[in-house]
Amino acid sequence: MTTIHEFDPQIYPRLLWVTYGCPTAVLKDMFGDDVQDMDKASNAEVINCRRMKPDVRGGVLIRFRNKSEMTMENIAHESAHAALEIFDYVNARISSDNQEPFAYLVGWIADCCNKVKKGEAK
């Protein structure tokens with residue numbers, strides 16, 4: 001059974017969802033028709049979306065093709081994309097003078113992905 005794990009960063013008004021090996025049909029049912037089949041050349045992707053069920057909430061979905069694609073490199077890469085989507089949503093900017101909020105968010109997202117990979121996510 002495929003699980004879509006949900007995380008709430010508390011300080012940002014966006015949820016994070018992490019899944020691997022989840023069929024597009026399941027994602028469409030939960031997030032709507034904007035979810036498309038993953039490009040065959042991709043091993044993971046970040047989708048800025050809204051969860052439709054059980055209630056409408058906005059957030060970012062990180063979708064890995066399968067568990068073996070949840071490498072440290074891919075987790076770090078997708079975590080940076082997801083953090084940028086969240087920063088864009090709250091109109092926050094990253095600069096060399098103010099890197100910590102972005103770095104902490106990337107680390108939190110990567111930790112969420114790693115919990116899913118290790119089977120420690122609820």
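The values are calculated or read from the model by the stated rules, or taken from the named source; none is laboratory data. What you are looking at is a predicted structure, and each value in this text was computed from that prediction instead of being measured. Methodologically, a virtual Cβ is constructed for each residue, glycine included, from the backbone with ideal geometry; neighbour enumeration extends over all protein chains shown. Surface areas here come from the heavy atoms of the whole protein model, side chains and all, with no ligands, DNA or RNA. Shrake-Rupley method; radii C 1.70, N 1.55, O 1.52, S 1.80 Å.
Of all the listed residues (83, 76), the sole one being under 15 Å from residue 9 (Cβ atoms), among the aliphatic types (A, V, I, L, M) and either within 14 Å of the chain's Cα centre (by Cα) or not in a strand (DSSP E or B) (or both) is 83.
Every test in (1) more than 26 Å from residue 11 (Cα to Cα); (2) of a type outside the set (Lys, Arg); (3) touching a residue at least 24 places away in the same chain (Cβ under 8 Å); (4) touching an Asp or Glu at 6+ places or on another chain (Cβ under 8 Å) is passed by residue 44 save one, and that test is (1). Do we find that residue 54 is exposed (fewer than 14 other Cβ atoms within 10 Å of the Cβ) and free of Cβ contacts under 8 Å to residues at least 40 places away in the same chain in this structure? Judged against the criteria, residue 54 is a match.
Restricting attention to region 1-50, the residues that are part of a strand (DSSP E or B), β-branched (Val, Ile, Thr) and modelled with pLDDT of 95 or more total 3. Note on region 38-51: residues that are open to solvent by 60 Å² or more (accessible area, probe 1.4 Å) and within 16 Å of the chain's Cα centre (by Cα) total 2.
Sub-7 Å Cβ pairs linking a first residue in region 1-23 that is under 19 Å from residue 68 (Cβ atoms) to a second residue that is loosely packed, with under 13 Cβ neighbours inside 10 Å and polar (S, T, N, Q), at least 6 apart or interchain, are 19/2; 20/66; 21/2; 21/66; 22/2; 23/2, ordered by first then second residue. The residues in region 99-122 that are more than 17 Å from residue 5 (Cβ to Cβ) and open to solvent by 80 Å² or more (accessible area, probe 1.4 Å) can be counted, and the count is 3.
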